[in-house]
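S.K.: Let me give you the structure first, and then I'll get to my questions.
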Amino acid sequence: MKTDESSLAPNPDTSLEADPGEILLTVALIGNPNTGKTSLFNSLTGFRRHVANYPGVTVETASGPIKNVEPAMLLVDLPGTYSLAAISPDEMVVNDALHGRIAGLSRPDVILAIVDASNLHRNLYLVSQLLDLKLPLVIAVNMIDVAAKRGIELDCELLSARLGLPVIPVIATRENTIAPLRNALHQATLKHGAAEAVELPNEIAGEMTSFREHNPGLSPPEALRIIMERGGYAEKQFIACGGDLEQINESRRRMKEAGIDGPRLEVQTRYAWIHKILDGAVTRPKKPLVTWTDRIDRVLTHRVWGAICLLGVLYVMFEALFRFAGVVMDQIDCAFAALGELVAGWLPAGAVQSLAADGLIGGVGGVLVFLPQILLLFAFIAMLEDCGYMARAAYMNDRIMRVLGLSGRSFIPLLSGFACSVPAILGTRAIADRRERFVTIMIIPFISCSARLPVYVLLISAVVPSVKYLGGWLSLQALIMLGMYLVGVVAAIPAAFMLHKAAPAGPKPNFILELPSYKMPRLRAIWRRMYFAGREFIVRAGTIILAVNLCVWALGYFPHSETTRAAVVTRAAEQGWERERHESELAGAYIRDSYLGAVGRAIEPVVEPIGWDWRIGMAVAASFPAREVVVASLGTIYNLGAETDESSHSLTNAIRNARHDETGEKIFTIPVALSVMIFFALCAQCSGALVVIARETGSWKWAAVSFTGMTTLAYFAAWGAATLARACGL
Amino acid sequence: MSLAQAPKLKPVLVTGIRSGGGMTYRLMEMGLIEGARVEVLGRAPLGDPLHVRLNDYELSLRADDAALVEITDL
């Protein structure tokens, strides 16, 4: 995804301010995914983690000073990667950081490579590439305890002698095992010169040399990556900086003519080196021991039991999101409503009272109401990810997600969309592939979130007859409800295809995923995820959602003229209304005469073909910041006062009996109700989601595309549904 | 025979991997090269992707990618 200007500046609040004079050296922490990199980072720094967004980099890079080490060192946690041959932009970030190409982050002085003791074979591949960088390198062999349990024995001293590097066994989660590592880092800073790199075949080494003769600014490993990966990120970056594609093609042509497949030969050479290094230094049982992970996986990834367990996990997650978070959300809602009334009681009636009670307190409440779901969803995602189940869920659902041109990795974020788009979009950060992440972010708003539910409940109960089929097992109302949920899912399929075409160029999402061993989730890791997600939502989204809510409040409140009031007072006196009737009629009259009302009448010609009157148009317009507002809006417009929710019978009746001013015909016929529901199912009526889309894609452009695209689709789908329903004589 | 057709729970030997775009090299970098031992541990509920043990770790890959991997009995 492209980064726009606004995200190009480093975050002032997260920049490292720990005495610039004190931190002297930069240590890059790098390793394969699932090697315990974060645990080691936390043990070395004592959880002092500063998260920073560097210029042009949308991946968050965490850094923190290493505790108890001389000289002072700053540890930079780079994204996990299997190779320096970057096939995703996130992997390119690792390359950029190692070559000192990220502004604000100096080139590392020492590299700390973390490897998994149980899986040295694959982990040393990245190490073999790091050797090419000719930087002081320290290797931390993590989880030696787990390896021992699996019957794998390592001779770290022999490995150290063969590699010519310090090789330190550690258990990253136990801080007392990492003292030798601090010492090794200290020693590494004193030494000059580097260990011997893997000797590449002459055909490749020769091309590297001649390529560097034309481009003297490049280091050997940079040159290697540029010639090796056809269409890779190193090549793209080289050309973007004014490099000559013809030179690259020439190198590749010569290798082809010599009959060699460069990248293949490189991999083979490196693995041959790894075999030599590991021979006799690692002993493992002839037949792998059966581990707990194997036993658990026999059930959890079983074709039948695994599917049942997955449904169980999802059921628990949804129950928690809808029921538990729902209860807390209702309480927040009520608390803010009560606070609004309290404040309204203190202030004299007028614009200030309405601004404070409805605009400000209502607006803040409208933001905070999302918080329980966000926190709970992130707790679930962090837990599933940390224990290793997320990879299994992705594995089991990959085939289904392929229908959307996506992979298993987007399954959980899309599913979370049924609860709320905002945390679901934030949850896409777990997707490594940018293109896939982009498409997932953009189709999440199509999934019917819990805020659409009140609209469906209200209109279905008011308009759809309660017909039952199959001896009462199947009701028409439930079928229509299910249909509303399906509308979004079905619309997401063509949308995904179009977005794949519009997406920033990149390889098609693939699915090669490591299934890590299961482990106990760390409470601290879960807590941190919840804390950061919650804080970020409140700070970033909160400000903008609040601003949008205030705008809509102003449109709905002003001009609040005396003439409006006088007209209602006259009619009240004529017809002898009670106080309650009087107040609700007045509230309705104010909103009808407001700028928002004017908007409603202005858009009437647009919504008329669907069969809507201006009041529906206005309610829909008012609910653009947050769609759940429509229930309250309809209540106000049909003169029921502000205290309305979807279960109130009076609103159901009012909807049922609402009639056109002139003709006296019913407004909410089945075609109209269906079209309103379909409009709500497909429309991007959520300022929170739009703000988060802009933030996560790095561009307001995509928020605008989402808004206009979905609104247009919603309009035509609503018109189509109404026309079809009328044609069917409903 | 290709890895996509390999029997379940029977370790096999990789004899070669055919080129199929950039992802082939990533699979090779992850250790799926000539001489590697692979065992198919299972398939996802819909039959695809595959869950395999490769050397000392477990990996999931799509049948299309597994079809590029030539294998033989150990």
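The values are calculated or read from the model by the stated rules, or taken from the named source; none is laboratory data. Since the structure is predicted, the reported quantities are computational estimates derived from the model, not experimental observations. Neighbour counts are summed over all protein chains in view; Cβ atoms, including those assigned to glycine, are modelled from backbone coordinates with ideal geometry.
S.K.: If you go through the range A:143-166 one residue at a time, how many are in contact with a helix residue (DSSP H, G or I) (Cβ under 7 Å, 6 or more places away or on another chain), within 14 Å of another protein chain (Cβ to nearest Cβ) and not in a helix (DSSP H, G or I)?
M.R.: 4
S.K.: Given A:VAL630, A:VAL606, A:VAL620, A:VAL692, which one is modelled with pLDDT of 85 or more and surrounded by 21 or more Cβ atoms within 10 Å (Cβ to Cβ)?
M.R.: A:VAL692
S.K.: A further question on this structure: Considering each of A:ARG399, A:ARG409 in turn, give the residue that is within 14 Å of another protein chain (Cβ to nearest Cβ), more than 16 Å from A:PHE318 (Cβ to Cβ), part of a helix (DSSP H, G or I) and within 15 Å of the chain's Cα centre (by Cα).
M.R.: One residue alone meets the criteria, A:ARG409.
S.K.: Going by the structure shown, is A:ARG225 touching a residue at least 12 places away in the same chain (Cβ under 8 Å), under 39 Å from the mean Cα position of the chain (by Cα), surrounded by fewer than 16 Cβ atoms within 10 Å (Cβ to Cβ) and within 14 Å of chain B (Cβ to nearest Cβ)?
M.R.: It is false that A:ARG225 is touching a residue at least 12 places away in the same chain (Cβ under 8 Å), under 39 Å from the mean Cα position of the chain (by Cα), surrounded by fewer than 16 Cβ atoms within 10 Å (Cβ to Cβ) and within 14 Å of chain B (Cβ to nearest Cβ).
S.K.: Are there any pairs with C-beta distances below 7 angstrom linking a residue in the range A:660-674 that is more than 15 Å from A:ARG615 (Cβ to Cβ) and of a type outside the set (Val, Ile, Thr) to a residue that is modelled with pLDDT under 80 and not in a helix (DSSP H, G or I), with the two at least 6 apart or on different chains, and if so which?
M.R.: Partner pairs satisfying both residue conditions: A:PRO671/A:LEU730.
S.K.: What do you reckon, is A:PHE438 of a type in the set (Phe, Trp, Tyr), touching a residue at least 12 places away in the same chain (Cβ under 8 Å) and farther than 28 Å from A:MET520 by Cα?
M.R.: yes
S.K.: Could you say whether any residue in the range A:255-262 is surrounded by 14 or more Cβ atoms within 10 Å (Cβ to Cβ) and basic (Lys, Arg)?
M.R.: no
S.K.: Oh, and also: Quick check on this structure: which one of A:SER128, A:SER106 is touching a residue at least 40 places away in the same chain (Cβ under 8 Å), within 13 Å of chain B (Cβ to nearest Cβ), surrounded by fewer than 24 Cβ atoms within 10 Å (Cβ to Cβ) and of a type in the set (Gly, Ala, Ser)?
M.R.: On the way: A:SER106 fails: within 13 Å of chain B (Cβ to nearest Cβ).
Among A:SER128, A:SER106, only A:SER128 is touching a residue at least 40 places away in the same chain (Cβ under 8 Å), within 13 Å of chain B (Cβ to nearest Cβ), surrounded by fewer than 24 Cβ atoms within 10 Å (Cβ to Cβ) and of a type in the set (Gly, Ala, Ser).
S.K.: Test of understanding: among A:LEU377, A:LEU360, A:LEU339, which residue is at pLDDT below 80, more than 15 Å from the chain's Cα centre (by Cα) and assigned to a helix (DSSP H, G or I)?
M.R.: Going through A:LEU377, A:LEU360, A:LEU339 in turn, the sole match is A:LEU360.
S.K.: Restricting the range B:44-60 to residues that are over 12 Å from the mean Cα position of the chain (by Cα) and of a type outside the set (Ser, Thr, Tyr), which is farthest from the other protein chains (Cβ to nearest Cβ)?
M.R.: The selected residue is B:GLY47.
S.K.: Can you say whether B:ARG37 is more than 8 Å from chain A (Cβ to nearest Cβ), surrounded by fewer than 20 Cβ atoms within 10 Å (Cβ to Cβ) and either in contact with a strand residue (DSSP E or B) (Cβ under 9 Å, 6 or more places away or on another chain) or aliphatic (A, V, I, L, M) (or both), as far as the supplied structure shows?
M.R.: Yes.
S.K.: Another question, if that's okay. Tally the residues that are within 13 Å of chain B (Cβ to nearest Cβ) and part of a helix (DSSP H, G or I), restricting the search to the range A:235-265.
M.R.: Number of matching residues: 7.
S.K.: Moving to a separate point now. If you take the residues in the range A:294-315 that are part of a helix (DSSP H, G or I) and at the interface with chain B (Cβ under 9 Å from one of its Cβ atoms), which one is nearest to A:LEU384 (Cα to Cα)?
M.R.: It comes out as A:LEU310.
S.K.: Could you please find all residues in the range B:1-57 being in a strand (DSSP E or B) and among the charged types (D, E, K, R)?
M.R.: B:LYS8, B:ARG37, B:GLU39, B:ARG43, B:ARG53
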